[in-house]
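Please treat every number below as a calculation from the coordinates, not as lab data. Just so it is clear, the model here is predicted, and its values are computed rather than measured. We place every Cβ from the backbone using ideal geometry, glycine too, and count neighbours over all the protein chains shown.
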């Protein structure tokens, strides 16, 4: 049985089902991270003092630059596919994967440095919320890498049978990826600078 | 969503420009942090810059500047519940903020 409205828009919403689906998923993600940001605010305003300068601003800023660049490569990948340039589209997806992997490597060094100093989540309220927020964000990065590797690898066969649907899949993955970038844009100043 | 090839080529240029602006705003955020402003002012400035960066990502990269009304509707509901989520716990403890927790 063929799944309807994967490419053509539904008459009632004017959207392909996948597009509305990914936005509803992102809405649920806003609530998930929103709950954690709310927790952060609650913990911070309730604290007598809050630590400053515990994290490496340099590493945080480098990771911000990496995620911004990955957002650009992801949206360009979709644009290249819309221009029927599959090779460049797939290449930009793979560049996004590489940038995401570099982000995780940086995060690994950052975590390792803190854990070596005994600054794990048990150390203080600050490190508890830091590891919770960045850990959950890191899991989202891993999820994005898995989906992008599928799209650039075994899932790429769809380009031959249904290029429009394949471009749509890259677009929906891109929407998720930009959201992950968006979350980091707020995490960076909140955790590293303030 | 664009389907005209020329419009898509223009979009690619705008994605590069927005990416560059996001990097500039990141540099500004880090530079402002080095000035050592008072905490309330530092929080306000950092969140304003983050808000501007977030708006650019959402409107240009996520194409929210020209989306269908169903998506705007879903996001409007999300924003309403997100604000409630942010402020409900604060309202619950607003009379005890700044006082040490008693064990």
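Helix A:125-152 and the long axis of chain A differ in direction by around 20°, with both axes built from C-alpha atoms.
Annotation: the residues B:8, A:62, A:129, sorted from fewest to most other C-beta atoms within 10 Å of their own C-beta, follow the order A:62, B:8, A:129. Between residue B:86 and residue A:35, the distance separating the two model label sites (each 7 Å from Cα on the Cα→Cβ line) works out to 1.8 nm. In percent, rounded to a whole number, the relative contact order of chain B is 27, using alpha-carbon pairs under 8 Å and six or more apart. If you take the Cα centroid of segment A:132-194 and the Cα centroid of segment A:1-60, the two points sit 12 Å apart. Footprinting exposure proxy ranking of A:171, B:67, fewest other C-beta atoms within 10 angstrom first, gives B:67, A:171. Please label the shape of the protein assembly as shown as rounded, prolate or oblate, based on the square roots a ≥ b ≥ c of the eigenvalues of the alpha-carbon gyration tensor (a/c under 1.5 means rounded; beyond that, a/b larger than b/c means prolate, else oblate). In terms of gyration-tensor shape, prolate. For chain A, relative contact order (Cα pairs under 8 Å, six or more residues apart, normalised by length) works out to 29 percent. All distinct Cα pairs of chain B go into the 1/r average, and the inverse of that average, the Kirkwood radius, is 17.3 Å.
Among B:95, A:181, the ranking by other beta carbons within 10 Å of each residue's beta carbon, starting with the fewest, stands as B:95, A:181.
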